[in-house]
Amino acid sequence: MTGIHRSALAADARRVLGRSFSGRCIGRDEDDIALANKQHAATWPLPLPELLIACRTQQDIVRAFEFVRDKGVSFSVRSGGHCFADLSNRGEVILDCAGVNSLEIGEGRQVVAGPGVLSGDAIATLLNANMTLPVGGCPLVALGGLSLVGGFGLTGRSQGLLSDRVSAAHVLLADGRILECRADRHADLLWAITGASPGLRHRDPASF
Ligand SMILES: Cc1cc2nc3c(=O)[nH]c(=O)nc-3n(C[C@H](O)[C@H](O)[C@H](O)COP(=O)(O)OP(=O)(O)OC[C@H]3O[C@@H](n4cnc5c(N)ncnc54)[C@H](O)[C@@H]3O)c2cc1C
């Protein structure tokens with residue numbers, strides 16, 4: 001692929017996403033493309049994507065996804081970049097969710113977190129509220145990937161996996177719709193994305 005083509009993809013993304021997009025589009029020929037190589041468990045050397053789309057809001061993620069879908073380019077989704085198999089660094093475009101990293105403690109001590117929240121930051125915030133979550137040993141792993149594949153750590157024997165605790169999720173479908181899945185709505189999808197976790201059967205926090 002030529003430099004002209006590479007620049008064209010980034011320029012195209014900026015044009016299509018427009019000013020209402022609050023994230024960044026970084027082409028392969030730009031210095032900041034080095035941000036694409038934050039993978040922590042990768043084979044070396046890492047391939048660089050043609051384009052990194054760094055999202056800051058859920059709406060950014062939807063729009064970035066629609067861009068890559070409509071362009072027909074290959075892409076991967078990344079939160080903390082700790083996938084041992086490098087699955088978050090594949091294809092022409094990386095959709096980076098690291099900047100979608102707000103964390104709130106809501107009603108009934110429910111934790112509402114973006115995929116980019118680092119597990120170490122989550123624990124530091126929750127401890128201030130006398131709460132915690134079962135996460136792994138590496139503070140730089142993000143909840144985006146950790147909540148999908150398990151999340152096993154020092155408290156695992158008594159507290160189970162992080163995915164056991166996921167009670168709801170916003171899932172972006174291929175047609176651009178976001179489904180909220182939870183125990184009473186699209187429960188099968190929630191069960192599937194949390195690695196068939198038994199959490200739904202034990203969703204009463206008191207049962208943990
Ligand atoms: C140094 C190190 C230590 C680790 N320690 C532990 C541990 O103690 N316990 C444990 O359970 N695991 C541990 N892991 C494994 C880690 O939890 C998983 O690899 C986890 O999936 C990483 O999540 P991430 O968001 O940081 O990584 P990413 O590479 O960003 O994502 C991992 C996978 O999830 C997908 N994904 C990411 N974000 C999204 C999203 N928003 N929507 C849909 N799919 C998404 C990616 O495409 C990829 O397939 C460790 C990994 C490393 C590298």
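The values are calculated or read from the model by the stated rules, or taken from the named source; none is laboratory data. If you're wondering where the values come from, they're calculated on a predicted model, not measured in any experiment. Quick reminder, even Gly has a Cβ in these numbers, built from the backbone with ideal geometry, and neighbours come from all protein chains shown.
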Go through Gly91, Gly72, Gly80, Gly99 for me and flag whichever is free of Cβ contacts under 8 Å to residues at least 24 places away in the same chain and either within 8 Å of the ligand (Cβ to nearest atom) or surrounded by fewer than 20 Cβ atoms within 10 Å (Cβ to Cβ) (or both).
-> Gly72
Given the residues Leu143, Leu127, Leu133, Leu118, which is the only one that is over 25 Å from Arg63 (Cα atoms), at pLDDT 95 or above and not basic (Lys, Arg)?
-> Leu127
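Each row is one residue, and each column tells you yes or no for (1) among the basic types (Lys, Arg); (2) touching a helix residue (DSSP H, G or I) at 6+ places or on another chain (Cβ under 9 Å); (3) surrounded by 16 or more Cβ atoms within 10 Å (Cβ to Cβ).
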position	(1), (2), (3)
Gly106	no, no, no
Val112	no, no, no
Leu126	no, no, yes
Val166	no, yes, yes
His170	no, yes, no
Ala174	no, yes, no
Just a yes or no: is a residue in segment 44-51 acidic (Asp, Glu), part of a loop (DSSP other than H, G, I, E, B) and either within 10 Å of the ligand (Cβ to nearest atom) or under 18 Å from Leu161 (Cα atoms) (or both)?
-> no
Close pairs (7 angstrom Cβ cut-off, 6 or more residues apart or separate chains): farther than 15 Å from Gln39 by Cβ in segment 140-153, assigned to a loop (DSSP other than H, G, I, E, B) and within 6 Å of the ligand (Cβ to nearest atom) anywhere | Leu143/Pro115; Leu146/Gly136; Gly151/Gly136; Phe152/Gly136; Gly153/Gly136; Gly153/Gly137
Select from segment 179-189 the residues that are surrounded by 13 or more Cβ atoms within 10 Å (Cβ to Cβ) and either free of Cβ contacts under 8 Å to residues at least 12 places away in the same chain or within 15 Å of the chain's Cα centre (by Cα) (or both) and list them in ascending order.
-> Leu179
Considering each residue of segment 146-173, count those that are part of a loop (DSSP other than H, G, I, E, B) and under 18 Å from Asp60 (Cβ atoms), and give that number.
-> 1
Residues in segment 54-66: is at least one in a loop (DSSP other than H, G, I, E, B) and either crowded, with 18+ Cβ neighbours inside 10 Å or free of Cβ contacts under 8 Å to residues at least 40 places away in the same chain (or both)?
-> yes
Those residues that are touching a Ser or Thr at 6+ places or on another chain (Cβ under 6 Å), hydrophobic (A, V, I, L, M, F, W, C) and within 11 Å of the ligand (Cβ to nearest atom), I need them from segment 147-167; list them, please.
-> Leu162
Quick check, is Gly137 in contact with a strand residue (DSSP E or B) (Cβ under 9 Å, 6 or more places away or on another chain) and either at positive phi or outside the structural domain of Ile26 (by TED's automatic domain parsing) (or both)?
-> no
